[in-house]
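Engineer: One structure, pasted below without further comment.
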Amino acid sequence: MGLTLYNKKRNFEETTEPTGKVKKSVSKLVFVVQRHKASQLHYDFRLELDGVLKSWAVPKGPSMNPKDKRLAMMVEDHPYDYKDFKGTIPEGNYGAGIVEIWDSGTYSDIENSVKEVAEKNLRAGLKSGDLKFRLFGKKLKGEFVLVKLKNKADNSWLLIKHRDELAVDEEYNSEEYTNGDSPINKWLAENDKTSKK
Ligand code: MN
């Protein structure tokens, strides 16, 4: 996909988001989940692959409960440096609102292979619409899958936790795991109580 679309959608004279450059982790692949208060509050799930962040918008946020199938709309690739981005995207810009980092860490294929092998497996999974991976985050841990929905719009996937020793059975609401100093929570408390669920 590359970063052309990412760059095209943004005015870097206004937004502090990083410009699109391909870059890679030295040892382990990384992932990030950003919580994003734009017109709708949602989560952005990003996996490093081939020097960019493959990205999905997850309206309800990820879950550690295998019963949850969370809709994940694939969006444009984001640059590697976006993994560290948090802050405010100014009014009138694409994705205007607040971005905070909800979770981050390293990730691999299911077998936790060395990077080169993992990338090969992940590339194949992405292509076949059955992308299995293992997260080493602070909140998200263990095996997950992103499954592409057939017969749906091209970019619809489901993000599902695999049943493993790290999965939970109780109801999982990612909104209950936001950081105490969350600028989005502060904004919601001050501005718009109705959109906080
Ligand atoms: Mn977003």
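The values are calculated or read from the model by the stated rules, or taken from the named source; none is laboratory data. Predicted model, so just to flag it, every value in this text is computed and none were measured. In this analysis, Cβ positions are derived from the backbone assuming ideal geometry, glycine residues included, and neighbour counts consider all displayed protein chains. SASA here: full protein model, heavy atoms, side chains in, ligands and nucleic acids out. Shrake-Rupley method; radii C 1.70, N 1.55, O 1.52, S 1.80 Å.
Engineer: Just give me the residues in segment 164-182 being farther than 14 Å from R35 by Cα and out of contact with any Pro (no Cβ under 8 Å at 6 or more places or on another chain), in sequence order.
Structural biologist: Once the filter is applied, which keeps residues that are farther than 14 Å from R35 by Cα and out of contact with any Pro (no Cβ under 8 Å at 6 or more places or on another chain), segment 164-182 yields D164, E165, L166, V168, D169, E170, E171, Y172.
Engineer: What are the residues in segment 124-170 that are in contact with an Asp or Glu (Cβ under 9 Å, 6 or more places away or on another chain), part of a loop (DSSP other than H, G, I, E, B) and open to solvent by 40 Å² or more (accessible area, probe 1.4 Å), if any?
Structural biologist: Across segment 124-170, the qualifying residues are K138, K139, H162, R163, L166.
Engineer: Pull up segment 29-60, narrow it to residues that are in a loop (DSSP other than H, G, I, E, B) and more than 16 Å from the ligand (Cβ to nearest atom), then point me to the one that is most open to solvent (accessible area, probe 1.4 Å).
Structural biologist: If we take residues in segment 29-60 being in a loop (DSSP other than H, G, I, E, B) and more than 16 Å from the ligand (Cβ to nearest atom), then D50 is most open to solvent (accessible area, probe 1.4 Å).
Engineer: Give me the pairs, please: first residue somewhere in segment 114-126 and polar (S, T, N, Q), second residue anywhere and surrounded by 15 or more Cβ atoms within 10 Å (Cβ to Cβ), beta-carbon distance under 7 Å, and either six or more positions apart or on two chains.
Structural biologist: Close Cβ pairs (under 7 Å, with a partner that is surrounded by 15 or more Cβ atoms within 10 Å (Cβ to Cβ)) amount to N121/D109; N121/S113.
Engineer: When segment 79-127 is examined, which residues are found to be within 14 Å of K54 (Cβ to Cβ) and hydroxyl-bearing (S, T, Y)?
Structural biologist: Those that are within 14 Å of K54 (Cβ to Cβ) and hydroxyl-bearing (S, T, Y): Y80, Y82, Y107.
Engineer: Being away from the ligand (no atom under 12 Å from the Cβ) and not in a loop (DSSP other than H, G, I, E, B) is the filter; apply it to segment 86-96 and report the residue that is surrounded by the most Cβ atoms within 10 Å (Cβ to Cβ).
Structural biologist: T88
Engineer: Can you give me the number of residues within segment 66-85 that are open to solvent by 10 Å² or more (accessible area, probe 1.4 Å) and more than 12 Å from the ligand (Cβ to nearest atom)?
Structural biologist: 11
Engineer: Kindly check whether there is at least one residue in segment 6-28 that is β-branched (V, I, T), within 16 Å of the ligand (Cβ to nearest atom), closer than 21 Å to N185 by Cα and surrounded by 14 or more Cβ atoms within 10 Å (Cβ to Cβ).
Structural biologist: No: segment 6-28 contains no residue that is β-branched (V, I, T), within 16 Å of the ligand (Cβ to nearest atom), closer than 21 Å to N185 by Cα and surrounded by 14 or more Cβ atoms within 10 Å (Cβ to Cβ).
Engineer: Taking G105 as the residue in question, decide whether it is touching a Phe, Trp or Tyr at 6+ places or on another chain (Cβ under 9 Å), surrounded by 15 or more Cβ atoms within 10 Å (Cβ to Cβ) and in a helix (DSSP H, G or I).
Structural biologist: no
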